[in-house]
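K.L.:
Next up is a structure, given as C-alpha cells.
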Amino acid sequence: MKLILLLVLLAIASPAFAGDKPLELHPDNPHYFLFRGKPTILITSAEHYGAVLNRDFDGTRYLEELHAHGLNLTRAFTGVYCEDTKAFGITRNTLAPGPGSLICPWARSNTAGYAGGGNKFDLTQWDDAYFPRMKTFLAQAGQRGIVVEIALFCPFYEDSMWALSPMNAANNVNGIGNVARDAVYNRGKNGDLQATQEALVKKLVAEVNEFDNLYFEVCNEPYFGGVTDDWQRRIIDLIVAAEKSLPNKHLISQNVANGSKRIENPHPAVSIFNFHYASPPAAVNENFALNKVIGENETGFKGTGDAHYRMEAWEFLLAGGGLYNNLDYSFAVGHEDGTFQYPDKSPGGGNRGFRRQISVLKEFLDGFEFVRMKPDEALLKGGLPAKGRARVLSEPGRQYAVYFFGGPSVTPSLTLPAGQYQAEWVSPLTGKVLKSAPITAHGQPLALASPEFGQEIALRIKYIDAQ
C-alpha cells in the first residue's frame, strides 16, 4: 500500500521544470549558480540529512517549511550510512531512524537480524520502494525551487555507526563488507564492497537523471575514517561516465575540510567545493582562483543561539561563497515543520525565527546583480570597533554589499568612483532599512556613519543612474 501511495505521489509531483537544464555554474561568474534561468546562491537552514532514508520523516511537510522562508537547499544522505540515537549528542536525530525504519537503495531479505531492526539487506537487489521515495522528494523539492544535495557516502566515525550500515557483512546476506570501518572507502582494502558501491552509484545516477534540482556530493567529510583520494576520484569518474549517455549532466561536489584548506590538484569534474564549520571564511579566499563554487554545507558546535550562525552565514557569502547550509536541529520526526525544541546541550541550533533571519540574507543578496560582484575587502578603511569584522562584495562604481559585525556603530571610510549613490543600512535580523540617504562620491575617501545597532548591520550601496 505504501509503495502504491508513493507511486501516485510521484505521478502527481512530476518534475515541474522538466524542460530546464539542471543546476549549473553561472557562465558569467562560476562562483555562483544558474538555476532555471536565474543567477542563484543556495542558502538554507536544513535538517540533519535523513529526510529520505528515514521512513518516518514527512519530507513534503519539511520542504514546505523551507519554501515558506524562501530557502532553496537541503542535503539528503542515501541510506548507506545512518546513526544511533546517541550519536554526537543529537536529540531526535533524523539520521537515526527508529527500529525497522531505515530505507536504503538495497532491498531487505527474508533473513532477520539487521542491527537497526528488521531483516538484513540483500546487496544484489534494489528496494522497489526506495527510488520512488527519493524521486518523490526530489519532485516535491523541485516544485518549491529547492535544490537537493545527494550525499552518496559518509565515513563511519565510530564502530557504532559501521555496525548499522547495510554495507557491513553483519547486516547483509551476501557476506559483503567483512572489513574494518576505515577500509570501506579504500579500493585497496574494501574487497567486494567496491563493486557494490559502484553499482549503487550507477543505479542512483540513472534513476534521478530527469531532475534539474540536484547535485551529487561524493562523500560527506571524507577527511575522516580512511576515505582515500583515489576512491573519491573513482566515484567522480563513475558519475561522469554514468551520465555520459543520459540526457542530463549534474554538478558534482567534493567536501574538502573542516575550517579551511587550500585545494591542490582538484578533479576537473568537480564544480562545488564544500567546507564545514568554515568560520572565519578563509576557505573562500584560499580557493577563489579555482573559479568554482565554494560552499559551506554544515555548521554547528557553537551553541544553540542564532547570533553565531547568522554571522557565519553573512560572512561566508559576502566573502564570495556561493552556498550556505546551517545544520538545523529543530527538524525531527513529528516536527517536520521545524518546531522541535531541542535541549540546550544540542551540538547546534536552528529554529523558525532563525530561518526567517536567513531569508533576510537571501533577499538582501538577491537584490543585487551578484554575478557581477566579487570580494573587495580593500574597499573599507578604518571605522570599525576594535574587534569588529566586515565583509564586502562589490562591482566598483555600480553596487556594494557590506556586512559589519561587532557594533554598536561603525563609521567606515570608502572610496567610490565619482557619482551619485543611494546608501541603505539594513538590519540582518529583520531586513528593515534603518537609515537611507543619497551620497555624492568624488573618488576620494568618504566616511559613512551607521545608525546605532546591536551586534551587526548590513550596508547596501547602489549607483543612481542620472538618466
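A short reminder: the numbers here are calculations on the coordinates, not readings from a lab. A quick note: this is a predicted structure, and the numbers were derived from the prediction, not measured. Don't worry about glycine lacking a Cβ; one is built from the backbone with ideal geometry, like all the others, and counts go over all protein chains shown.
K.L.:
Provide the net charge surrounding residue 309, with neighbours chosen by a C-beta distance below 10 Å and charges set as Lys +1, Arg +1, Asp -1, Glu -1.
P.N.:
Charge balance near residue 309 sits at -1.
K.L.:
Roughly speaking, what is the centre-to-centre gap between the stretch 407-430 and the stretch 325-344 when only Cα atoms are used, to the nearest Å?
P.N.:
Answer, in whole Å: 35.
K.L.:
So who's got an amide H within less than 5 Å of the one on residue 456, skipping anything under 5 residues away but keeping other chains? H placed 1.01 Å off N, in plane.
P.N.:
406, 407
K.L.:
If you count the DSSP beta bridges with both ends in the chain, what percent of them are antiparallel, to the nearest 5?
P.N.:
Around 60 percent of the beta bridges assigned by DSSP in the chain are antiparallel ones.
K.L.:
Taking H as built 1.01 Å from N, whose amide H comes closer than 5 Å to the amide H of residue 106, not counting residues under 5 places away?
P.N.:
When sequence neighbours closer than 5 places are left aside, the close amide H contacts are 127.
K.L.:
In whole Hz, with x marking every Gly and Pro, tabulate ³J(HN,Hα) for the stretch 47-52 from phi via Karplus 6.51 cos²θ - 1.76 cosθ + 1.60, θ = phi - 60°.
P.N.:
6, 7, 6, x, 4, 8
K.L.:
Per-residue ellipticity at 222 nm for the chain, helices alone: DSSP H runs ≥ 4 residues times -39500 (n - 2.57), over residue total, nearest 500 deg cm²/dmol?
P.N.:
Theoretical 222 nm ellipticity from helices: -6500 deg cm²/dmol.
K.L.:
Using alpha carbon coordinates only, what is the Rg to Rh ratio of the stretch 261-409, with Rh defined as the Kirkwood radius?
P.N.:
Value, to two decimals: 0.99.
K.L.:
Which semi-axes, in whole Å and largest first, does the equivalent ellipsoid of the stretch 119-190 have when worked out from the alpha carbon gyration tensor as the square roots of 5 times its eigenvalues?
P.N.:
One finds semi-axes of 28, 16, 10 Å for the stretch 119-190.
K.L.:
May I pose another question? If you filter the stretch 80-187 for trypsin sites (Lys or Arg not before Pro), then keep DSSP loop positions with at most 11 other Cβ within 10 Å, what is left?
P.N.:
Within the stretch 80-187, the qualifying trypsin sites (Lys or Arg not before Pro) (loop, at most 11 other Cβ atoms within 10 Å) are 86.
K.L.:
Give me 318, 448 sorted ascending by neighbouring Cβ count inside 10 Å, so fewest comes first.
P.N.:
Result, fewest neighbours first: 448, 318.
K.L.:
When Lys and Arg each count +1 and Asp and Glu each count -1, what net charge do the other residues less than 15 Å away from residue 140, Cβ to Cβ, add up to?
P.N.:
Counting the neighbours of residue 140, the net charge comes to -4.
K.L.:
Another one. With θ set to phi - 60° and the Karplus curve 6.51 cos²θ - 1.76 cosθ + 1.60, what are the ³J(HN,Hα) couplings of the stretch 203-214 in order, to the nearest whole Hz, using x for Gly and Pro?
P.N.:
So the J values, rounded to whole Hz, are 5, 5, 4, 5, 5, 9, 4, 5, 8, 8, 10, 8.
K.L.:
Stokes-Einstein at 20 °C, 1.002 mPa s, Kirkwood radius from Cα pairs: D for the stretch 344-467 in µm² s⁻¹?
P.N.:
141
K.L.:
For the cross-link pairs 374/432; 21/249; 38/435; 21/462; 302/345; 387/435, which exceed 20 Å when the distance is taken from alpha carbon to alpha carbon?
P.N.:
Check vs 20 Å cut-off fails for 374/432; 38/435; 21/462; 387/435.
K.L.:
For the stretch 82-146, what class follows from the C-alpha gyration tensor (a ≥ b ≥ c being the square roots of its eigenvalues): rounded when a/c is under 1.5, otherwise prolate if a/b is larger than b/c, else oblate?
P.N.:
oblate
K.L.:
At 0.36 nm per residue, and after removing the present C-alpha to C-alpha distance, how many nm does the segment from residue 195 to residue 85 gain when stretched out fully?
P.N.:
36.6 nm is the gain from fully extending residue 195 to residue 85.
K.L.:
Near the amide H of residue 96, under 5 Å away, which other amide H atoms are found, from residues 5 or more places off or on another chain, if H is placed in the peptide plane?
P.N.:
Those qualifying (amide H under 5 Å, at least 5 residues apart or on another chain) are 83.
K.L.:
So for the chain, averaging the separation of alpha carbon pairs under 8 Å that are six or more residues apart and normalising by length, what relative contact order in percent results?
P.N.:
14
K.L.:
Each residue of the stretch 282-296 in order: what ³J(HN,Hα) in whole Hz does its phi give by Karplus 6.51 cos²θ - 1.76 cosθ + 1.60, θ = phi - 60°, with x for Gly and Pro?
P.N.:
In residue order, the calculated couplings are 4, 4, 5, 4, 4, 10, 4, 5, 5, 6, 10, 6, 9, x, 10 Hz.
K.L.:
Something else about it: Using Cα centres only, tell me the gap between the stretch 108-125 and the stretch 270-294 in whole Å.
P.N.:
One Cα centre to the other: 40 Å.
K.L.:
Going by C-beta contacts inside 10 Å, put 362, 244 in order with the fewest on the left.
P.N.:
Going from least to most buried by this count: 244, 362.
K.L.:
Multiply the residue separation of residue 269 and residue 160 by 0.36 nm, subtract the distance between their alpha-carbon atoms, and state the gained length in nm to one decimal.
P.N.:
35.9 nm
K.L.:
Quantify how much of the Cα-Cα distance distribution of the chain extends past 34 Å, in percent.
P.N.:
34
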